[in-house]
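To start, the structure itself, in structure tokens.
The values are calculated or read from the model by the stated rules, or taken from the named source; none is laboratory data. In this text, all values refer to a predicted model and were calculated from it rather than measured experimentally. Cβ atoms come from the backbone with ideal geometry, glycine included; neighbour counts cover every protein chain shown. Surface areas here come from the heavy atoms of the whole protein model, side chains and all, with no ligands, DNA or RNA. Shrake-Rupley method; radii C 1.70, N 1.55, O 1.52, S 1.80 Å.
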Amino acid sequence: MRYPDGGGLTAKQRAQREQVRFLAAELFVQGAAPPQVARRLQVSRKSTYAWHARWLEGGMDALRSKGPSGRPSRMKPDWRVWLAAELAKGPAAHGWAEDQRRTLARIARVIARRFHVRFSPAQTWRILRQMGWTAQVPVRRAAERDEDAVATWIKETWPRVERR
């Protein structure tokens, strides 16, 4: 991957970088040399020399963003709309009535059933993050929780485990 945080730039970040390149092109038009542009825009000299070469060959169009790097996602935009609607229905609508957890494997299975495309849990998580979903923690405790058993475990079992 190009960036340590795990995956390229957002559209907004690409647009911001493109604006810096366009400012550099305006300075080139005014006769500024790449080292002067680098100082003025607070970017590396190497970048400004590369931008200058591209600008000389193709003008402003050569400095436009080429879009996101990497292969395009197999998860089409209209599939994402469908998936958001299906997730809103909840796990029970897809056959998980007794255990109402929404897991990445289950979501990947729902996608595979509908579109015949398999995604790994990591790919599924990336898709959900791009759609604006986050990891969720239950608001309430499980109805099946036995408070007496929990209290007994804390009093009797935990001290033995902690001593080890």
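What to note about this one:
- Whole-angstrom gap from the stretch 48-90 to the stretch 109-164, using each part's C-alpha centre: 33
- Counting all C-alpha pairs of the stretch 79-119, share separated by more than 15 Å (%): 34
- Most mobile listed residue (D78, D148, D99) in the chain, GNM with C-alpha springs under 10 Å: D148
- Within the listed set P68, P91, P35, the residue fluctuating most in the Gaussian network model of the chain (springs between alpha-carbon atoms under 10 angstrom) is P35.
- Rounded tilt (10° steps) of 104-115 against the dominant C-alpha axis of the chain: 70
- Sorted largest first, the principal axis extents computed over the alpha-carbon atoms of the stretch 1-100 equal 70, 25, 18 Å.
- Each of T10, T48 has its accessible area taken with a 1.4 Å probe; listed largest first, they run T10, T48.
- Distance between the pseudo-spin-label points of R80 and R113 (7 Å out from Cα toward the beta carbon): 2.3 nm.
- Max-minus-min Cα coordinates of the stretch 71-164 on each principal axis give 54, 29, 21 Å, with the largest extent listed first.
- In this structure the chain gives 76 Å² per residue of accessible area when probed at 1.4 Å with all protein chains present.
- A simple rule links phi to the HN-Hα coupling: the Karplus curve 6.51 cos²θ - 1.76 cosθ + 1.60 with θ = phi - 60°, which for the stretch 31-42 gives x, 6, 7, x, x, 5, 5, 4, 5, 5, 9, 6 Hz, with x for Gly and Pro.
- Helix 77-89 axis, angle to the chain major axis (alpha carbon atoms, nearest 10°): 20
- Potential lengthening of the chain between Y49 and L23 amounts to 8.0 nm, from the contour at 0.36 nm per residue minus the alpha-carbon distance.
- Under-22-angstrom lysine pairs by C-alpha in the stretch 1-139, whenever the two are 8 or more apart or on separate chains: 5
- When each of the peptides 157-163, 129-135 is scored by how many other beta carbons lie within 10 Å of its residues on average, the order from highest to lowest is 129-135, 157-163.
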